[in-house]
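**Student:** Dumping the structure here so I can ask a few things about it.
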Amino acid sequence: MNCPNCGASQPPVDGCCGYCGGVLSTTGEGQPAALVSTVSGGGGARGWTLCLLGMGVLYGLGWVFEDTRYWLDTRAVILWGGVLPLWLVLWGGLLGRRPLAGFLTGLGLALGVLLVHTLAMTLVDGHFNDDHLGISALYGGACLLGWLLGWGIRQGIRR
């Protein structure tokens with residue numbers, strides 16, 4: 001049987017999908033009927049809300065420490081270039097579901113970080129320059145790497 005939630009191949013017995021964590025139920029004859037719940041492993045709307053909320057808190061905390069004249073305060077660099085990607089390792093490992101979706105999700109999060117950080121730096125300085133884009137790309141790339149590492153861990157655990 002294939003899991004109705006993620007399509008992973010499943011044995012025809014009660015239990016959880018080993019890929020997405022969804023609970024499978026069976027009919028009276030022992031045949032798999034449907035996916036009952038997919039709230040497992042940090043997935044679903046609550047998981048995404050927590051992931052994005054954590055990203056927002058860490059990102060906002062970095063701005064508390066950032067030196068807007070130099071743009072590379074050590075504490076902000078540690079938060080944005082280290083702690084934020086580690087947060088995404090955790091959530092990439094828990095939320096990563098499918099190979100393409102895992103990569104595209106990480107790419108979307110990384111592009112979001114790049115664009116938001118570039119825009120914030122440009123608004124603070126009052127003009128755009130290449131340093132803004134380079135520093136933002138560093139943090140976006142770190143986030144993509146964090147997400148993909150977490151997603152890879154999830155794939156390894158699945159196997």
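The values are calculated or read from the model by the stated rules, or taken from the named source; none is laboratory data. Note that the structure is predicted; figures quoted are calculated from it, not measured. All Cβ positions, glycine included, derive from the backbone under ideal geometry; neighbour counts span all protein chains shown.
**Student:** Just a yes or no: is a residue in region 116-134 out of contact with any Leu (no Cβ under 6 Å at 6 or more places or on another chain), surrounded by 14 or more Cβ atoms within 10 Å (Cβ to Cβ) and under 30 Å from C3 (Cβ atoms)?
**Tutor:** Checked against the condition, which is being out of contact with any Leu (no Cβ under 6 Å at 6 or more places or on another chain), surrounded by 14 or more Cβ atoms within 10 Å (Cβ to Cβ) and under 30 Å from C3 (Cβ atoms), region 116-134 yields no hits at all.
**Student:** Determine which member of the set L138, L109, L123, L114 is aliphatic (A, V, I, L, M), in contact (Cβ under 8 Å) with a residue 12 or more places away in the chain and farther than 13 Å from Y59 by Cβ.
**Tutor:** L138
**Student:** Considering D131, D67, which residue is assigned to a helix (DSSP H, G or I) and of a type in the set (D, E)?
**Tutor:** D131
Conditions tested, residue by residue: (1) modelled with pLDDT under 95; (2) in contact with a helix residue (DSSP H, G or I) (Cβ under 7 Å, 6 or more places away or on another chain); (3) under 21 Å from W48 (Cβ atoms).
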| site | (1), (2), (3) |
| --- | --- |
| G81 | yes, yes, no |
| L84 | yes, yes, yes |
| W91 | yes, yes, yes |
| P99 | yes, no, yes |
| L109 | yes, yes, yes |
| H132 | yes, yes, no |
| G152 | yes, no, yes |
| R159 | yes, no, no |
